[in-house]
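Chemist: Just passing along the structure, written as structure tokens.
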There are 2 protein chains.
Amino acid sequence: MSAIPAAVAHAGGPIRLADVDPRGTPGFDGGKAAGQALLAERAEHLASLQERLFAASTAGDERRVLLVLQGMDTAGKGGLVRHVVGSVDPQGVAIASFKRPTQEELAHDFLWRIERALPGPGRIGVFDRSHYEDVLIHRVRGLSSPETVEERYGRIVEFERRLVAGGVHVVKVMPHISYEEQGARLLERLDRPDKHWKYEPGDVDERSLWPDYQRAYEIAIERTATPDAPWHVVPADRKWYARLAVQELLVAALEAIDPQWPAADFDVDAERARLLALGGVPEGPA
Amino acid sequence: MSAIPAAVAHAGGPIRLADVDPRGTPGFDGGKAAGQALLAERAEHLASLQERLFAASTAGDERRVLLVLQGMDTAGKGGLVRHVVGSVDPQGVAIASFKRPTQEELAHDFLWRIERALPGPGRIGVFDRSHYEDVLIHRVRGLSSPETVEERYGRIVEFERRLVAGGVHVVKVMPHISYEEQGARLLERLDRPDKHWKYEPGDVDERSLWPDYQRAYEIAIERTATPDAPWHVVPADRKWYARLAVQELLVAALEAIDPQWPAADFDVDAERARLLALGGVPEGPA
């Protein structure tokens, strides 16, 4: 069992992001090489837990995991998906990326597009951005009235409570980077032609509102962190640590579920006899 | 460039599956260890080509890849997805698994559910089973009239022609296993409790119709293999070879597309100045 999940969890109460060191490695006392080695080592464990979850779902187990990734631009959400979720069988993963809402989405309640993207039983769902956009950018940019944003915190808590009751293990992660690290990463996107496609001028506009966003994150976390659906503020200036931490969070969620191989819903001996009767099978010990 | 894609391609004309050795390794003269090493080595190349395809799509490039996996039970479709497609960024992959059609699907034309599952630009789509179910099991089991099945070959050719014209590189693969290998794999699913969930009694029923299915595959391949959307009959008794072959087919498709990093649609120098003006960025050489 890893010490990381507990070290990054926030299950309620006030939080000050300025008190969380983006270069920290809470719950892990090794360095980069040790972290990368552990990431590779635990990848198989994660994949195997997910396979068992999927197997259990074929026998009616409704449980599943939802990883919500919500952070500032360049915080490394894409890398988390690639390097952590990427080690799981892609057939067991459902990724939803929430961009600027379409006209159709805007015509519905803010949770409408979210509901439609929930993972099925047996799967690890990933939200790259999420319903939290509607209390973060909406608050900072005034895209919704303060009353509407206020109401949404409660709606989100209700929504996530319902998910948890339905067997969804909700793992909410804010990869937490420093202002300096974001600056360096944006600059790299400008300096490398093979990264230009990842750059959007709007990113600098958002960066100019950094303190407002940090405050909006604090409020969102305070208002929506619950014991059943805690937030995890994961230091992310060191990409290797953030990846390891998110991997351990997924492992912990799956170990809590502890999915079991389902029992055969057929008569194994009778099936073996039917199969052997068709020929073409090297008869092994029965 | 690998010799495998050409060695397994079938772009038209009669085919006899009995003439294709399921234990063969066409286009590759190494053994298992060399095959596995090459698979690992080429995984990065495949992932990098897909990333570039995705980048190009953000600038309007509509091209994409569709891998159609259609084979007998236990032929290794799941393993192909896990071990070949699994090396690509999961954000760049769209997997659709076609099971027994739902009532809603049955109320529509057989291509309806297929159209809805097509990958978006920049992605590698994977069909685990496909529209070919409607000319394979439907032919063998008489689920549709002979006239309807007959008509569908033409409909499929038309449909795939339209896909190709729209920028979809269609890669159709039949992982080809022997009757004996299927028997051994089914027996393993019965002998291992952690594999019971993969076993269905119906698999043995289908196995009893093996020659009919082989013939149905031959006819489907003959009627739908075209120069633009060829079939690939991939020997699959040796899992390592099948995986290597499918990887090379995907690499070849992406190399044929040859996606390019898109040019910046913004003024790089102006953006750099805007970014630096906000502070918090270590100033590098401009």
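Chemist: When you look at B:G71, is it in a loop (DSSP other than H, G, I, E, B), modelled with pLDDT of 95 or more, crowded, with 20+ Cβ neighbours inside 10 Å and in contact with a Pro (Cβ under 8 Å, 6 or more places away or on another chain), yes or no?
Modeler: Working: in a loop (DSSP other than H, G, I, E, B): yes; modelled with pLDDT of 95 or more: yes; crowded, with 20+ Cβ neighbours inside 10 Å: yes; in contact with a Pro (Cβ under 8 Å, 6 or more places away or on another chain): yes.
Yes; evaluated as a whole, the condition is true for this residue.
Chemist: Take B:V140 and decide whether it is over 20 Å from the mean Cα position of the chain (by Cα) and at pLDDT 95 or above. Before the answer, list the steps.
Modeler: Details: over 20 Å from the mean Cα position of the chain (by Cα): yes; at pLDDT 95 or above: yes.
Spelling it out, B:V140 is indeed over 20 Å from the mean Cα position of the chain (by Cα) and at pLDDT 95 or above.
Chemist: Output the residue which, of all residues in region B:247-260 that are surrounded by fewer than 17 Cβ atoms within 10 Å (Cβ to Cβ) and either within 8 Å of chain A (Cβ to nearest Cβ) or touching a residue at least 60 places away in the same chain (Cβ under 8 Å) (or both), is farthest from A:G183 (Cα to Cα). Lay out the reasoning, then the answer.
Modeler: Step one: filter region B:247-260 for residues surrounded by fewer than 17 Cβ atoms within 10 Å (Cβ to Cβ), giving B:255-256, B:258, B:260.
Now drop any that are not either within 8 Å of chain A (Cβ to nearest Cβ) or touching a residue at least 60 places away in the same chain (Cβ under 8 Å) (or both), which leaves B:255-256, B:260.
Values: B:E255: 35, B:A256: 37, B:Q260: 27 Å.
Going through the qualifying residues, I end up with B:A256.
Chemist: Oh, and also: Taking B:I137 as meeting all but one of (1) within 27 Å of B:D89 (Cβ to Cβ); (2) out of contact with any Gly (no Cβ under 8 Å at 6 or more places or on another chain); (3) β-branched (V, I, T), write down the number of the exception.
Modeler: Here B:I137 meets the rest and fails (1).
Chemist: Can I ask one more? Looking at (1) surrounded by fewer than 22 Cβ atoms within 10 Å (Cβ to Cβ); (2) over 29 Å from A:L186 (Cα atoms), which one does A:V65 not meet, given that it meets all the others?
Modeler: Result: A:V65 passes all but (1).
Chemist: Output the residues belonging to region B:158-205 that are more than 8 Å from every other protein chain (Cβ to nearest Cβ), in contact with a Pro (Cβ under 8 Å, 6 or more places away or on another chain) and in a helix (DSSP H, G or I).
Modeler: B:E181
Chemist: Restricting to region A:12-30, and then to whatever is among the hydrophobic types (A, V, I, L, M, F, W, C) and farther than 24 Å from A:L46 by Cα, can you tell me which residue is least open to solvent (accessible area, probe 1.4 Å)?
Modeler: A:L17
Chemist: Now, a different point. Can we say B:P101 is more than 14 Å from chain A (Cβ to nearest Cβ) and open to solvent by 30 Å² or more (accessible area, probe 1.4 Å)? Spell out how you get there, then give the answer.
Modeler: Details: more than 14 Å from chain A (Cβ to nearest Cβ): yes; open to solvent by 30 Å² or more (accessible area, probe 1.4 Å): yes.
So B:P101 fits the description; yes.
The values are calculated or read from the model by the stated rules, or taken from the named source; none is laboratory data. What you see is a predicted model; the values in this text were computed from it and never measured. Please note: Cβ atoms are built from the backbone with ideal geometry, for glycine as well, and neighbour counts cover all protein chains shown. Accessible surface areas use protein heavy atoms only, side chains included; no ligands, DNA or RNA. Shrake-Rupley method; radii C 1.70, N 1.55, O 1.52, S 1.80 Å.
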